[in-house]
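Visitor: Sharing a structure below in structure tokens format, with a few things to ask.
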Amino acid sequence: MSRTPPDALAMLRELIAAPSISSTTAEWDLSNLKVIELLHTWLEELGFSCEVMPIPHQPTKANLIATLGTGPGGLVLSGHTDTVPCDPELWHSDPFRVAERDQRLYGLGTCDMKGFLALAIEAAKSFVDQPLKQPLIILATADEESAMSGARALVEAGRPKARAAVIGEPTSLKPVRMHKGMMMEAVRIEGRSGHSSDPSLGANALDAMHQVLNELSAFRNELKAKHRNSDFRVDFPSMNFGCIHGGDNPNRICGHCELEFDLRPLPGMSVDGLRNAIGERLGPLGAQFGVELTTRALFPGIPPFENRDTDGLVALAEKLTGHRAQAVAFGTEAPFLQQLGMDTIVMGPGSIDQAHQPDEYLALDQIQPTIDVLKQLITRYCL
């Protein structure tokens, strides 16, 4: 006889109280193992078979694959265990303790997206004593907010396998069937410094970077002219020049300069193809300006996502929620689960407008509708 885990609110309180920040900045980055341990305990109590999957080369990070039932097919309910960093002094309450006020639950990760994991477990409680024809899988991943290393580890391992997957990112419980990809790239130029009174004494990295910016701006305009998708509010692939650093003094020829930018490709565009095109376009500038020019990816990138099968999970989610499937600009783990062969959508409680913000919250009126929709999805795919 299985024991019963705490109710959804109690689970959420414990998950929020277990900090699991992931960050590319080492001093901010934390383990997610406490969150994995909590989920493992609760799901095992319900009778799920649980596998903790360590993330390669990251001893303090892991995924959890929890399975109820056996056989092919079934449904994955997926959420990431990590949060972004936060500024506690900007919050009106402790970000690591759930505070209830104004019909909202405040806390870091309430909507993005520990709340979904608690609600998925709450929905699963109704099925633990029923014979499932196809398995129910609750998936908890690591490092979605930084490098997607948890999702990449799943693709590398080739599991889990299921017929359909719902990723519970905050979409106000509206199904999402496509999103843009995300690339973060850097261009570094090593020139040769010298006295500014004689330009021939050096090779100015800023002069070369000026032409890099011209080339990237032209490429950006070409992408905008050639690629459009009216399902997106910003209906073209965007490129943002985010930061630039170089030189050290006005009277020295600039010896080094680095630019970092992001590019958001539309579905159908290749991350590797765009990277190659940028490298080919910028490569000749090194010889032209007598500098060393290198390009590199700041992280592997998130591919664009599109579910073209609008008659499957997309149509069912539209029917259950009363909302037409939409496109969003933010990236998720959806393309990685799709690579595993699953009919995939993004849909969960809370709004992306509250994610990554001080006083992040999950509205109480989102809780029961989410549980109800998840129960109907489990019934459709697992019974």
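The values are calculated or read from the model by the stated rules, or taken from the named source; none is laboratory data. No experiment lies behind these values; they were computed from the predicted model shown. Every residue, glycine as well, gets a Cβ built from its backbone with ideal geometry; the counts of neighbours run over all protein chains shown. Side chains included, ligands, DNA and RNA excluded: accessible areas come from the protein's heavy atoms. Shrake-Rupley method; radii C 1.70, N 1.55, O 1.52, S 1.80 Å.
Visitor: Here are some residues: ASP231, ASP235, ASP248. Which one is more than 30 Å from ALA325 (Cα to Cα) and either in a loop (DSSP other than H, G, I, E, B) or among the basic types (Lys, Arg) (or both)?
Guide: ASP248
Visitor: Taking the condition of being assigned to a helix (DSSP H, G or I), open to solvent by 10 Å² or more (accessible area, probe 1.4 Å) and not acidic (Asp, Glu), how many residues in region 162-209 meet it?
Guide: 4
Visitor: If you go through region 119-161 one residue at a time, how many are of a type outside the set (Val, Ile, Thr) and either in a loop (DSSP other than H, G, I, E, B) or open to solvent by 50 Å² or more (accessible area, probe 1.4 Å) (or both)?
Guide: Qualifying residue count for the region: 21.
Visitor: Could you tell me whether region 353-363 includes any residue that is on the phi < 0 side of the Ramachandran plot, assigned to a helix (DSSP H, G or I) and open to solvent by less than 60 Å² (accessible area, probe 1.4 Å)?
Guide: no
Visitor: Now a separate question. All but one of (1) at pLDDT below 95; (2) open to solvent by less than 40 Å² (accessible area, probe 1.4 Å) hold for ALA99; state the number of the condition that does not hold.
Guide: Here ALA99 clears every test but (1).
Visitor: May I pose another question? Quick one: how many residues across region 267-297 are assigned to a loop (DSSP other than H, G, I, E, B), surrounded by 15 or more Cβ atoms within 10 Å (Cβ to Cβ) and touching a strand residue (DSSP E or B) at 6+ places or on another chain (Cβ under 9 Å)?
Guide: Residues that pass the stated criteria total 2.
Visitor: Ok, one more. Filter region 43-62 for residues that are touching a strand residue (DSSP E or B) at 6+ places or on another chain (Cβ under 9 Å) and assigned to a helix (DSSP H, G or I); which is surrounded by the most Cβ atoms within 10 Å (Cβ to Cβ)?
Guide: LEU43
Visitor: Within region 215-223, identify whether any single residue is touching an Asp or Glu at 6+ places or on another chain (Cβ under 9 Å) and outside any loop (DSSP other than H, G, I, E, B), and answer yes or no.
Guide: no
Visitor: Would you be able to say whether some residue in region 14-27 is under 24 Å from PRO88 (Cα atoms), of a type in the set (Val, Ile, Thr), in contact with a Pro (Cβ under 9 Å, 6 or more places away or on another chain) and not in a helix (DSSP H, G or I)?
Guide: Looking for residues that are under 24 Å from PRO88 (Cα atoms), of a type in the set (Val, Ile, Thr), in contact with a Pro (Cβ under 9 Å, 6 or more places away or on another chain) and not in a helix (DSSP H, G or I), one finds at least one in region 14-27, hence yes.
Visitor: Across region 325-348, which residue is most open to solvent (accessible area, probe 1.4 Å) among those that are of a type outside the set (Gly, Ala, Ser) and more than 16 Å from the chain's Cα centre (by Cα)?
Guide: Of all residues in region 325-348, those of a type outside the set (Gly, Ala, Ser) come to 326, 328, 330, 332-333, 335-340, 342-347.
Adding the requirement that they be more than 16 Å from the chain's Cα centre (by Cα) leaves 326, 340, 342-343.
Details: GLN326: 65, LEU340: 13, MET342: 8, ASP343: 31 Å².
Ranking the candidates gives GLN326 first.
Visitor: Say we look at region 82-107 and pick out the residues that are among the small types (Gly, Ala, Ser) and in contact (Cβ under 8 Å) with a residue 24 or more places away in the chain; which of these is nearest to LYS34 (Cα to Cα)?
Guide: The qualifying residue nearest to LYS34 (Cα to Cα) is GLY107.
Visitor: Sticking with this structure for a sec: Could you count how many residues in region 73-96 are under 12 Å from the mean Cα position of the chain (by Cα) and in a loop (DSSP other than H, G, I, E, B)?
Guide: Count: 3.
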